[in-house]
Amino acid sequence: MSDLSCQVPLPPAGLRARFRRGDLVRPTAGLAPGFVQANLVVLPRALAFDFLVFTQRNPKPCPLLEVVEAGCAEPRVMAPGADLRTDVPKYRVYRDGVLVEEPIELTQWWNDDLVSFLIGCSFTFESALLEAGIPVRHIEQCTNVPMFITSVQTVPAGAFHGPTVVSMRPVPAEKVVRAVQVTSRFPAVHGAPIHIGDPAAIGIRDLMRPDLGDPVEVRPGEVPMFWACGVTPQAVAMSSKPPLMITHAPGHMFITDRRDADFSVL
């Protein structure tokens with residue numbers, strides 16, 4: 001992942017333009033600091049209401065930022081003028097719960113029956129963590145954030161059920177409380193961690209073998225902290241097997257025009 005060593009000093013619209021052209025395909029952690037990033041879920045209209053209820057019942061892994069009506073690809077609340085079919089660096093397409101493709105644009109998959117959901121992403125609060133003097137290891141190491149499928153089940157809704165996914169960040173023990181305080185200010189992008197400490201308590205066997213993303217160093221004196229993750233719908237897709245679900249590739253987020261501060265409760 002050597003491409004992550006280079007910063008890309010562009011505003012959200014400039015980054016989206018590069019994603020649209022296909023000349024920048026990389027995880028988005030550390031890009032456009034200060035701007036909200038979002039997970040993407042796209043579903044046929046017949047499943048949209050069930051998924052909307054699913055987000056309401058599972059606000060920690062699926063904090064809803066915007067619903068884009070059927071056939072429309074413009075997220076007018078979070079990024080007017082953007083195009084959800086092209087402005088994400090990499091997508092995933094699931095059919096009947098099976099990952100079938102990872103395209104860099106969705107033109108061939110798109111139709112007017114599709115409803116899009118933007119869900120909060122923990123990359124949003126990483127600027128606040130850094131400002132508070134709390135390290136963010138995957139940014140330091142120029143890798144994707146490690147993500148794990150846990151034994152914690154979501155609350156089912158209609159056609160949707162499955163496990164919760166978490167993202168992990170190791171934090172020095174003396175800064176754990178501060179990390180909780182900082183991230184609690186951002187409930188719209190997962191908020192406080194759902195677990196701190198022993199990975200086995202939530203069904204994680206090995207921190208060096210994430211289910212998604214990349215492993216990061218956990219140093220002596222550091223505590224693993226786990227935040228609910230917007231990749232949860234992808235694990236849910238594999239469990240629920242909807243006929244079609246389109247998402248972002250893990251770590252390859254939609255970068256919005258909204259500021260982090262807009263979603264801070266303090």
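General observations
- Crossing angle, helix 12-21 versus the chain [Cα axis fit, 0-90 degrees, rounded to tens]: 60 degrees
- The charge dipole of the chain, taken about the Cα centre with unit charges on the Cβ atoms of Lys, Arg (+1) and Asp, Glu (-1), comes to about 220 debye, rounded to the nearest 20.
- Residue-by-residue Karplus 3J(HN,Hα) for region 49-58, coefficients 6.51, -1.76, 1.60, Hz, glycine and proline x: 5, 4, 5, 4, 5, 4, 5, 5, 7, 10
- Long-range tail of P(r) for the chain (Cα pairs > 30 Å, %): 21 percent
- Given +1 at the Cβ of Lys and Arg, -1 at the Cβ of Asp and Glu and no other charges, the dipole of region 124-228 around its Cα centre is 160 debye to the nearest 20.
- Cβ-based net charge around ALA13, under 15 Å, with every Lys or Arg adding one and every Asp or Glu removing one: +3
- For region 28-69, convex hull of alpha carbons as volume per residue, Å³: 87 Å³
- A Cβ-based charge dipole, computed about the Cα centre of region 99-156 with Lys and Arg at +1 and Asp and Glu at -1, lands at about 320 debye.
- Counted over region 124-228 with a bin width of 5 Å, the fraction of Cα pairs per bin, in whole percents, is 2, 12, 23, 25, 21, 10, 4, 2, 0.
- Placing unit charges on each Cβ (+1 for Lys and Arg, -1 for Asp and Glu) gives the chain a dipole about its Cα centre, and among ALA200, THR256, LEU130 the Cα reaching farthest toward its positive end belongs to ALA200.
- Residues THR154, THR55, sorted so that the one with the fewest Cβ neighbours within 10 Å comes first: THR55, THR154
- Those aspartates and glutamates that a straight Cα-Cα span of less than 18 Å connects to LYS60, excepting residues fewer than 8 apart in one chain: ASP50, GLU126, ASP260
- Most positive-pole-ward Cα, GLY81, ILE104, ASN39, against dipole of the chain from beta carbon charges: ASN39
Taken together, the values in this text are just the output of simple stated rules run on the coordinates, not laboratory data. Just so we're clear, the structure is a prediction, and the values are computed from it rather than from any experiment. FYI the Cβ positions are ideal-geometry reconstructions off the backbone, even for glycines, and counts take in every protein chain you see.
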